[in-house]
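K.L.:
Have a look at this one before I ask anything.
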Amino acid sequence: MAGDWTTIGDIAEVFDGPHATPKKIEEGPYFLSISSLEQGKLDLSKSAHISEEQYIKWTKRVTPQEGDVLFSYETRLGEAALMPGGIKACLGRRMGLLRPNKEVVDPSYLLFAYLSPDFQREIVARTNSGATVDRIALKELPSFPIRIPKLQEQREIASVLSALDNKIELNRQINATLESMAQALFKSWFVDFDPVIDNALAAGNPIPEPLQARAEKRAALLAASAADTRSPNATDNTHPTQTAPHTQSGTTAPATPLQPLPADLRALFPDSFVFNEEMGWVPEGWEVKQVGELLELAYGKALAAKNRIPGEVPVYGSGGVSGFHNEAIVDAPGIIVGRKGTVGSLYWVEKDFFPIDTVFYVKNKSKMPLYWLYRMLATLRIENMGADSAVPGVNRNVVCACKVIVPSDVIADFFGKLSESFNSRRSCLSDQNQYLSDVRDLLLPKLLSGKIQLPEAKRAYVEAAQ
């Protein structure tokens, strides 16, 4: 394979997008953005939409089609992704595409070759650092050297690397689902009060007028659940959505938080509401407290990039991870709240970390589970509390003065145990993804350079994916 050198121009056509920006609308064909290119994937949520008329105009030069390799030729150099099928889109500014000759090159292989260290070094070597942005000259791109072995070998190499990427993506989707479930569960229990409404309906207790619409929906769900348990095909009295997961207490939680809870779990919730002058109708026995009674927003510590010692501890700013250090100052799990910059940003952190001075980190002052505090903070919309100044920032006193409804200790404890099961699973999958990414990054250059053979690479994939 070492001799399989050719050039981009020999195996693909090169196109670029418009050099202007059309009017963007809420729906319609995608106007692909270079911000949508990240780690070999295309995230369409970061691209805008244009009208059908604009689409016709902006695709006169080229219409992206399945199997094209999209890439950035300015600013975000080196980023690339495959164009998926079934998507109507035009190229955005600073974006180009390679249309591979599929008789000689596999599109997936071409993407991996583009992302390989050899080709990335070529991009760096040929980058023009101008007064405004870094760029590569599209007229020179066809002359860039690239390794292209025989087509069958390309497909086998792409198959191994794609299998790793697919496993990483599957794990990411599972984690997103787990987070969505936890978020929906919090909203159902502690914002919409669904279990309390269910209990009130079952007990014949009055439902406050502001909750009547919600109560009607819950009544329909309770009726449907009762009908399911009476069905001749039912094998037991457990609703099919009430089968997972189990907590340390042995109580079963609903797989879908919008469904009625199992009887043992519903018994933990009250069956009536009382009126609170500050918060309106709240579940009986629950308290209204200020956020500052539950937690402290502690200042992070200044740590300039030049003073960071290489390590594995993530350094958090208001925009997320901004680097790594060799020392943590907060034990995980933890909560980050953006103070300056990305005001009100919120992060749940599963590893020991170092928060810098543009953020707060949370110190728990109560018996409430930390993850409950995290989800509660998300309901406050802290991003809207930024002070009106040249550099907007969050006044922690304003946040801590907010009033929230706090459930009983037993319900909070159950939610905490349930959250721990979600977060433990997410953490395991995140760790596996990091390992899979390391294996992929190790295999990619060796496979593309011929330093490792396919049988050895396949064994490495099987071991990593177990």
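The values are calculated or read from the model by the stated rules, or taken from the named source; none is laboratory data. Every value quoted in this text rests on a predicted model; they were computed, and no experiment measured them. Cβ coordinates were reconstructed from backbone atoms using ideal geometry, including for glycine residues, and neighbour counts include every protein chain displayed. We work out accessible area using only protein heavy atoms, side chains counted, and drop any ligands, DNA or RNA first. Shrake-Rupley method; radii C 1.70, N 1.55, O 1.52, S 1.80 Å.
K.L.:
Just grab the label-to-label distance for residue 272 and residue 453, each label 7 Å out from Cα along the Cβ direction, in nm (one decimal).
P.N.:
For residue 272 paired with residue 453, the spin-label model returns 7.9 nm.
K.L.:
Protein chains only, probe 1.4 Å: how do 442, 373 rank by accessible area, largest first?
P.N.:
Details: 442 100, 373 0 Å².
The most accessible residue leads, giving 442, 373.
K.L.:
For residue 400 and residue 219 in the same chain, what is the full-extension length gain: residue separation times 0.36 nm, less their Cα-Cα distance, in nm?
P.N.:
Full extension from residue 400 to residue 219 adds 61.5 nm.
K.L.:
On to the next question. What does the C-alpha gyration tensor say about the overall shape of the range 304-387? Classify as rounded when a/c is under 1.5, otherwise prolate if a/b is larger than b/c, or oblate. Display every interim value, and only then the final one.
P.N.:
Working: a/c = 2.63, a/b = 1.36, b/c = 1.93.
Here the range 304-387 falls in the oblate category.
K.L.:
For the range 1-160, give the magnitude of the charge dipole about the Cα centre (Cβ charges: +1 Lys/Arg, -1 Asp/Glu; no others), in debye to the nearest 20.
P.N.:
The dipole magnitude comes to about 420 debye.
K.L.:
Shape of the range 303-445 from its Cα gyration tensor (a ≥ b ≥ c, root eigenvalues): rounded if a/c is under 1.5, otherwise prolate when a/b > b/c, or oblate?
P.N.:
Details: a/c = 2.23, a/b = 1.21, b/c = 1.84.
Oblate.
K.L.:
Also: How many Å³ per residue does the convex hull of the Cα positions in the range 1-117 occupy? Working shown, then result.
P.N.:
On the way: hull volume 12.2 nm³, N = 117.
Expressed per residue, the convex hull around the Cα atoms of the range 1-117 is 104 Å³.
K.L.:
Let me ask something additional. With a 1.4 Å probe and all protein chains kept in place, how much accessible area does residue 409 have, in Å² rounded to the nearest 10?
P.N.:
Solvent-accessible area, nearest 10 Å²: 90 Å².
K.L.:
Continuing with the same structure: Could you work out how far apart the two model spin labels at residue 332 and residue 279 are, taking each label as a point 7 Å from the Cα in the direction of the beta carbon, and quote it in nm?
P.N.:
Reported label-point gap for residue 332 and residue 279 is 3.2 nm.
K.L.:
Roll a 1.4 angstrom probe over the protein heavy atoms and tell me the percent of accessible area of the range 65-206 that is carbon or sulfur. Mind dumping the intermediate values first?
P.N.:
Working: 2960 of 5950 Å².
Carbon and sulfur together cover 50 percent of it.
K.L.:
Give the share of C-alpha pairs in each 10 angstrom bin for the chain, from 0 to the last occupied bin, in whole percents, shortest bins first.
P.N.:
With 10 Å bins starting at 0, P(r) equals 4, 15, 21, 22, 20, 13, 5, 1, 0.
K.L.:
So for the pair residue 170, residue 140, with labels modelled 7 Å out along Cα→Cβ, what separation do we get in nm?
P.N.:
4.3 nm
K.L.:
Determine the percent antiparallel among the DSSP beta bridges restricted to the chain, to the nearest 5.
P.N.:
Details: 52 of 56 bridges.
Antiparallel bridges: around 95 percent, rounded to the nearest 5.
K.L.:
Still on this model: Among DSSP beta bridges whose residues both lie in the range 1-97, state the antiparallel percentage, nearest 5.
P.N.:
Working: 13 of 15 bridges.
Taking every DSSP beta bridge within the range 1-97, about 85 percent pair in antiparallel fashion.
K.L.:
So for each of 111-121, 136-146 I average, over its residues, the number of other beta carbons within 10 Å; can you give me the resulting order with the highest mean first?
P.N.:
Most protected by this proxy first, the peptides run 111-121, 136-146.
K.L.:
Sticking with this structure for a sec: Once the piece of chain linking residue 51 and residue 435 is laid out straight, how much longer is it, given 0.36 nm per residue of separation minus the C-alpha distance between them? Don't jump to the answer; show the numbers that get you there.
P.N.:
On the way: separation 384, 0.36 × 384 = 138.24 nm, distance 4.26 nm.
Fully extending the segment from residue 51 to residue 435 adds 134.0 nm.
K.L.:
At 0.36 nm per residue, and after removing the present C-alpha to C-alpha distance, how many nm does the segment from residue 363 to residue 290 gain when stretched out fully? Let's see the in-between values first.
P.N.:
Numbers: separation 73, 0.36 × 73 = 26.28 nm, distance 1.49 nm.
Full-extension gain reported as 24.8 nm.
K.L.:
Hey, for a label at residue 298 modelled as a point 7 Å past Cα toward Cβ, could you say which residues of the range 329-355 have their backbone N under 12 Å away?
P.N.:
Only 329-332, 334-335, 353-355 fall inside the zone, counting backbone N under 12 Å.
K.L.:
Can you give me the solvent accessible area of residue 354 with a 1.4 Å probe, rounded to the nearest 10 Å²?
P.N.:
10 Å²
K.L.:
Could you give the DSSP H helices of the chain that reach 30 angstrom or more along their long axis (alpha carbon positions) and whose average Kyte-Doolittle hydropathy is no lower than -0.5?
P.N.:
151-186, 409-449
K.L.:
Probe 1.4 Å, all protein chains in place: accessible area of residue 181 in Å², nearest 10?
P.N.:
50 Å²
K.L.:
Quick check for me: using +1 on Lys/Arg Cβ and -1 on Asp/Glu Cβ, what's the dipole size of the chain about its Cα centre, in debye to the nearest 20? Present the calculation step by step, with values, prior to reporting the outcome.
P.N.:
Values: 50 positive and 56 negative charges, 211 e Å.
My answer is approximately 1020 debye.
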